[in-house]
Amino acid sequence: MCGIVGLFLKKDDLRPKLGDMLTDMLITMTDRGPDSAGIAIYGDGAEGAVKITVQSDAPQSAFAGLDAELGAALGVTPEVKVVDTHAVLTLPEAKAAEAIAWLEARGLRIMGSGASMEIYKEVGLPKDVAARFGLREMGGSHGIGHTRMATESAVTTLGAHPFSTADDQCLVHNGSLSNHNQMRRKLAKKGVMTRSENDTEVGAAYISSRIAEGASLGEALEGTIEDLDGFFTFVTGTKNGFGVVRDPIACKPAVMAETDDYVAFASEYRAFADLPGIEAARVWEPEPATVYFWER
Amino acid sequence: MTTTLDMTSTPLRDVNVTLQAAARAQANETYVIANPRGAHAMACGLDGPLSVTIKGPTGYYCAGMNKEASVTVEGSAGPGVAENMMSGVVTIEGDASQYAGATGHGGLLNIKGNASSRCGISMKGIDIVVHGNIGHMSAFMAQKGNLVVLGDAGDALGDSLYEARLFVRGSVKSLGADCIEKEMRPEHLETLKTLLEQAGADAKPEEFKRYGSARKLYNFNIDHADEY
């Protein structure tokens, strides 16, 4: 069991409240996943810049002087925003690959990167994770979150969701994949590498590799129904929106709500209870083996 | 007398304790539950005559094991609504999620919207009327009772069916193993007429088709091995 939430805003005036709304949704899903929690939030990005989110278990020493050292290595000094165990580094897009290699070599964990996406995830109760990162204060256009009850890999920061396997792309999952080892080997043969033993990361890498090969988000999500075996309700985030797909058996719960202001996803209706205007929202259960996505 | 319990100030457990005590008192009282906010296991285990109206959507297992009580949800219901219901009436004004009415022994489950997958799975005597559509694997291993669907049915309807009767007005995406269309006889039209009236459904019995068990999976038969 796990909990998933997602919120896609249709109007800009709610953007400053995105983190606040998502945090309430996330905390309500604690019963479904008290092990760890995470959120991917899509906010403002500067033209030509990339944001790289990194994590360290020893943030004080790992992040001290990071801007200067990375700046010396790249020839351009990144802007560094430290948020508890995470740091978001903003630097020119052209330097992204070089920076990621340098950061990994230094022992930092890469949570994700992209023009607008930032990822925050840690072990612990969702309310504690949200407080550590100040999720309530974060604004943005859309975001997805996850509360984890671990099944397929250990309770670690790297095992928490969301998983990002390409710029501005991320995935959260309720369920378990049964062919993830086979799929991991298939992807590795194509040069698509994963960072953890986790099944969901393989799902994320599968979607990213399909998109890299030219598939649309919709086609990549359709592909999960054919190529991934197991149980899943997936919510995937991209720079412009989010998508939802459930396996054909659809035993993992899912509910959606739409108003003029937003589209919301959750594992249970409870997570919607505090959303503005929910009483008048269109509420429905997404169909099995059917792809839904919203983009701006 | 109508008693209102507001779930913004009354915890779920207190609500259920109050309702269960009222049901046991056999006084046929009326309760309104405000602000349910999708809570789990609301109004479950009611063991006597009682009228309960829930003013909004509910979560898992609402009105489970209901006996004699009448429970109405003015919203949608989460998974497992009216699971193992014994008697009484459960009405869902909106949609119901998966396995609505599962293993129900009796009473009427009236769903005004759609029901998703596995509606009436292993039903054992309950009557279920769905005014909209139902999802895949509905009435799987259904043993007794009636499932009436005014809309369409999803894949594998009535798979491994026993003696429950299935009535569908719209299309059936596919029938499950050992489920076949059967002749609609006068007694079936009569049953259907009664159920449609009880559910306040705007449909005529003649518009429906009946599906039931071919009874070929009751005992192992080597000639049917490919159906197992």
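Structure data summary
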item	result
Projected label distance in nm at B:R24 and B:N219, using a 7 Å step from Cα toward the beta-carbon	4.7
P(r) of the range B:2-227 over all Cα-Cα pairs, binned every 10 Å from zero, in whole percent	9, 35, 32, 16, 6, 1, 0
Rounded FRET efficiency, nearest 0.05, which uses the C-beta distance separating A:A280 from A:E93 and R0 of 60 Å	0.90
Set of aspartates and glutamates near A:K81 by C-alpha distance (under 12 Å), chain-local residues within fewer than 8 positions excluded	A:D67, A:E118
Rounded, prolate or oblate (a/c below 1.5 giving rounded, otherwise prolate when a/b exceeds b/c) for the range A:1-107 by Cα gyration tensor	oblate
Rounded to 5, the percent of DSSP beta bridges in the range B:2-227 classed as antiparallel	15
Rg [Å, one decimal], Dmax [Å, integer] - the protein assembly as shown, C-alpha atoms	25.6, 88
Most to least packed among A:82-90, A:44-52, A:182-190 [average Cβ atoms within 10 Å]	A:82-90, A:44-52, A:182-190
DSSP beta bridge pairing in the protein assembly as shown, given as percent antiparallel to the nearest 5	65
Built amide H within the under 5 Å cut-off of B:T53, gap 5+	B:Y31, B:V32, B:I33, B:T72
CD proxy at 222 nm, helix term only [per DSSP H run n ≥ 4: -39500 (n - 2.57); per residue of chain A; nearest 500]	-7500 deg cm²/dmol
Two-site label geometry, B:K173 and A:K17: point separation in nm, points 7 Å out along Cα→Cβ	3.7
Under the Karplus curve 6.51 cos²θ - 1.76 cosθ + 1.60, θ = phi - 60°, whole-Hz ³J(HN,Hα) for the range A:63-79, x wherever Gly or Pro sits	9, 5, x, 4, 4, 5, 5, 5, x, 5, 6, 8, x, 8, 7, x, 8
Neighbouring partner chain Cβ atoms per residue of A:278-285, average, 10 Å criterion	4
Gap separating the Cα centres of the range B:37-99 and the range B:175-228, nearest whole Å	26
Filtered trypsin sites (Lys or Arg not before Pro), the range A:98-173: DSSP coil and at most 11 other beta carbons within 10 Å	none
In sequence order, calculated HN-Hα J values of the range A:208-218 (Karplus, 6.51, -1.76, 1.60; Hz; x Gly/Pro)	4, 5, 5, 5, 4, 7, x, 6, 7, 4, x
15 Å cut-off, amide nitrogen to a point 7 angstrom out along A:A212 Cα→Cβ, residues in the range A:135-176	A:164-170
The range A:3-161, accessible surface, carbon-and-sulfur percent (1.4 angstrom probe)	51
Table column - 3J(HN,Hα) (Hz), the range A:101-117, Karplus curve with 6.51, -1.76, 1.60, x for Gly and Pro	4, 5, 5, 5, 4, 7, x, 7, 8, 8, 7, x, 8, x, 5, 10, 7
Summed side-chain charge close to B:H105 - residues other than B:H105 whose Cβ falls under 10 Å, Lys, Arg +1, Asp, Glu -1	+3
GNM result for chain B, Cα springs below 10 Å: residue of B:A139, B:A199, B:A43 fluctuating most strongly	B:A199
Computed [θ] at 222 nm, deg cm²/dmol, chain B (DSSP H ≥ 4; -39,500 (n - 2.57); rounded to nearest 500)	-3500 deg cm²/dmol
A:A68-A:L125 pseudo-label distance in nm [points 7 Å out on the Cα-to-Cβ vector]	4.0
Extension gain (nm, one decimal) between A:K81 and A:D57, 0.36 nm per residue minus Cα-Cα	7.0 nm
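The values are calculated or read from the model by the stated rules, or taken from the named source; none is laboratory data. Keep in mind that this is a model prediction, so the values were computed, not measured. Neighbour counts run over all protein chains shown; Cβ positions are idealised from the backbone, glycine included. Calculation scope for accessible area: heavy atoms of the full protein, side chains included, ligands and nucleic acids excluded. Shrake-Rupley method; radii C 1.70, N 1.55, O 1.52, S 1.80 Å.
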